[in-house]
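The values are calculated or read from the model by the stated rules, or taken from the named source; none is laboratory data. This structure is a prediction, so every number in the text was calculated from the model and none was measured. We place every Cβ from the backbone using ideal geometry, glycine too, and count neighbours over all the protein chains shown. Please note that ligands, DNA and RNA were not included when accessible areas were found on the heavy atoms of the full protein model with its side chains. Shrake-Rupley method; radii C 1.70, N 1.55, O 1.52, S 1.80 Å.
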Amino acid sequence: TDKKSEMQGAVAKMKFPRSSTNTAAALAMAETALLEGRKDAQSIVFVVTDGLPNNKWRTTTASRRIRKKGVRVVFVAVGRYLRLKWIRRWASKPSSQNIISVKKFGQLQKFVGKFVASLCPVMADDR
């Protein structure tokens, strides 16, 4: 979407599964969804996680596959117990521009909103 309010509303309605972190499946789902995207727009996938994936090898494979298609993969790490060493492998390079780290889910709106606005100036204000 190119409307900031629509994006924020969609994120607010999301339900986050507990006790499982199937990052590889999430990346595969994003890859499929991007098939319907605009060809003239930069594709960016945001992965919001508060834990390491169930399968690091599958996540490595999935992130590599989607990045090879020119998709920018941004990880949003929530909490103190994540190993950024792994997340750096999965995020697009440079990792300093593609990893956001927050301590609590409540901080997401502040950090992600600013980050998205910097990526998508058209979304900075609703049209």
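Worth a mention:
- For segment 71-105, the set of residues classified as surrounded by 13 or more Cβ atoms within 10 Å (Cβ to Cβ) and farther than 25 Å from A12 by Cβ consists of L84, W86, R88, R89, W90, S92, S95, Q97, listed by residue number.
- Number of residues in segment 21-70 that are of a type in the set (D, E), surrounded by fewer than 16 Cβ atoms within 10 Å (Cβ to Cβ) and within 16 Å of the chain's Cα centre (by Cα): the value is 0.
- Scan of segment 86-100 for residues that are in contact (Cβ under 8 Å) with a residue 12 or more places away in the chain and part of a helix (DSSP H, G or I), ordered by number: W86, I87, R89, W90
- Residue within segment 106-123 that is open to solvent by less than 60 Å² (accessible area, probe 1.4 Å), of a type outside the set (S, T, N, Q), modelled with pLDDT under 85 and not in a helix (DSSP H, G or I) present: yes
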